[in-house]
Every structure is written in C-alpha cells, then in structure tokens.
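Participant: Okay, handing you the structure first.
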Amino acid sequence: QSSKQSQGIQTLLEAEKEAAKTVQQARQYRVQKLKDARADAEKEIEEYRKAKDAEYKTFESRHADDTSDTQSAVDKETDAKLAQIAESYKNNKDAVVKKLLDRVVLVKPELHRNLKKAS
C-alpha cells in the first residue's frame, strides 16, 4: 500500500509539473500574442499614417494652385485700384490745390454769425 501511495504521490507530482508547464506555456503564448498584436497595430497605424500623409499632400498640391490663383487675382485687383486712385489724384490735383488756395487767399471779412444774432 505504501508503494501505491508513493506511486500515487509520484503521479500527482508529475501531473502538477505537467500542469505548471502547461500554465507557463499558456503565459508565454499570451505574452507572444500580445506582442504580435501590438506589432500588427503599430504596422497598421504606420500604414494609415502614410496613406493620410499622401492624401494630405495630394490635397495640398491640388489646392496650392487655387491659392496662387486667388493671390494673383487679389494682386491684380489691388493694382487696378491703385492705378485708379493714382489717375484720380492726377486728374483732380490741380482743382483741389486751387480750391484750397482760394479758401486761404480769398478772405471775406465778415462778422461772425453768432455776433450778428446777439445784436
């Protein structure tokens, strides 16, 4: 009977070692799966980032022309308005100077309107 007990104990010890080994393998498997999942996720994120960067660069290059067209249109409009202002200045300069000189030089001495009312 003692040999049966020792054989049973030996079987239990072997079963326990086998179970510990199985648990250890399961842990290693789990750790490896987590590492693989993390690596796959990083790879997927990098691919997504590259795709979005390419999409952004395409969008940017497509709209860069629009920006330069808009800028050149604004520049043309500004130049036209400046030319119009310069033309207006050139056409009206003499008349404005004459009006200013007439106001300064031709003085009509009169009593102030408030002074007239008081009397």
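Participant: Going through the stretch 23-32 one residue at a time, which ones are open to solvent by less than 100 Å² (accessible area, probe 1.4 Å) and not polar (S, T, N, Q)?
Facilitator: Narrowing the stretch 23-32 to residues open to solvent by less than 100 Å² (accessible area, probe 1.4 Å): 23-24, 26, 31-32.
If the condition is that a residue be open to solvent by less than 100 Å² (accessible area, probe 1.4 Å) and not polar (S, T, N, Q), then VAL23, ALA26, VAL31 are the ones that fit.
Participant: With the requirement that a residue be surrounded by 10 or more Cβ atoms within 10 Å (Cβ to Cβ) and basic (Lys, Arg), what does the stretch 55-99 give you?
Facilitator: Selection gives LYS57, LYS76, LYS81, LYS93, LYS98, LYS99.
The values are calculated or read from the model by the stated rules, or taken from the named source; none is laboratory data. Fair warning: this is a prediction, and the values are worked out from it, not measured in the lab. A quick note on method: Cβ atoms are made from the backbone with ideal geometry, for glycine too, and the neighbour counts reach across all protein chains shown. Each accessible area value is taken on the protein alone, full model and side chains, heavy atoms only, with ligands, DNA and RNA left out. Shrake-Rupley method; radii C 1.70, N 1.55, O 1.52, S 1.80 Å.
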